[in-house]
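Reading through the structure tokens given below for one structure.
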């Protein structure tokens, strides 16, 4: 079994790379969900990581609040400290998405970014999330899809290095095509008015994303592929674009 620094929640999971994830915000990575938020709402953010997106959601629902959960607890104390510094009604706790520590019908909405591609049982997680949602509540999911990765410049060596990383994800249990399946999973678990969308993220730093991938390749004895990605990142004008799929659904009123 290969090891990846990503939350697979199977439940054996490693700590994510905070340098990459801490740069994410609600404005950049939850834009599709922001129109759904209203002041006073209570929101659950699943797979919150360092909480950088969660805090932005909390800003939007003041005087309501957000609870962020993550299977890994290493980053949660710092996230709680940042919430306190900004006087936000946001709390971060360690929890398993398959067994949430909440009662039925507690939340007005659920948000999850870059989590479902790592779940071994995505529909089971959705059923548990549906349990804690109020009737008429929304759910907003976002996951990448490796069918739409675009790198430039591109050659056989870069292609092989990306394929090596893709293979690591698959061997760790991740679904590299999860993005396109979000809507299907929502419909299968009883959500209605499911609306899919898609977008691209172009990483402003090719060195940052290449290092994130290369470190994990090196951890799995793929030094040659890691070297290729690091060298590629130094190419003037290099570009790394990642496709993301979103899906919004609603819990029925009855």
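Kindly evaluate residue 183 against the criterion of being modelled with pLDDT of 95 or more, within 17 Å of the chain's Cα centre (by Cα) and not in a strand (DSSP E or B).
Criteria met by residue 183.
Would a scan of the stretch 143-155 turn up a residue that is under 17 Å from residue 111 (Cα atoms) and in contact with a strand residue (DSSP E or B) (Cβ under 9 Å, 6 or more places away or on another chain)?
Among the residues of the stretch 143-155, at least one is under 17 Å from residue 111 (Cα atoms) and in contact with a strand residue (DSSP E or B) (Cβ under 9 Å, 6 or more places away or on another chain), which makes the answer yes.
Considering only residues of the stretch 161-184 that are in contact with a strand residue (DSSP E or B) (Cβ under 9 Å, 6 or more places away or on another chain) and closer than 15 Å to residue 113 by Cα, which is surrounded by the most Cβ atoms within 10 Å (Cβ to Cβ)?
For the stretch 161-184, the residue satisfying everything is 182.
Can you confirm whether the stretch 203-218 contains a residue that is within 26 Å of residue 28 (Cα to Cα), touching a strand residue (DSSP E or B) at 6+ places or on another chain (Cβ under 6 Å) and without any contact (Cβ under 8 Å) to a residue 40 or more places away in the chain?
Yes, that holds for at least one residue.
Could you run through the stretch 218-254 and say how many residues are farther than 30 Å from residue 134 by Cβ and crowded, with 22+ Cβ neighbours inside 10 Å?
6
Within the stretch 130-160, track down each residue that is under 18 Å from residue 236 (Cα atoms) and touching a residue at least 40 places away in the same chain (Cβ under 8 Å).
Hits for the stretch 130-160 are 150, 151, 152, 153, 157, 158.
Could you check residue 130 against (1) closer than 17 Å to residue 184 by Cα; (2) touching a helix residue (DSSP H, G or I) at 6+ places or on another chain (Cβ under 8 Å) and say which number it fails?
Among (1) closer than 17 Å to residue 184 by Cα; (2) touching a helix residue (DSSP H, G or I) at 6+ places or on another chain (Cβ under 8 Å), the lone unmet condition for residue 130 is (2).
Please find, within the stretch 61-78, the residue that is farthest from the chain's Cα centre (by Cα) out of those that are crowded, with 21+ Cβ neighbours inside 10 Å and either within 13 Å of residue 39 (Cα to Cα) or free of Cβ contacts under 8 Å to residues at least 24 places away in the same chain (or both).
Filtering the stretch 61-78 for residues that are crowded, with 21+ Cβ neighbours inside 10 Å and either within 13 Å of residue 39 (Cα to Cα) or free of Cβ contacts under 8 Å to residues at least 24 places away in the same chain (or both), the one farthest from the chain's Cα centre (by Cα) comes out as 61.
The values are calculated or read from the model by the stated rules, or taken from the named source; none is laboratory data. Source: prediction; values computed, not measured. Don't worry about glycine lacking a Cβ; one is built from the backbone with ideal geometry, like all the others, and counts go over all protein chains shown.
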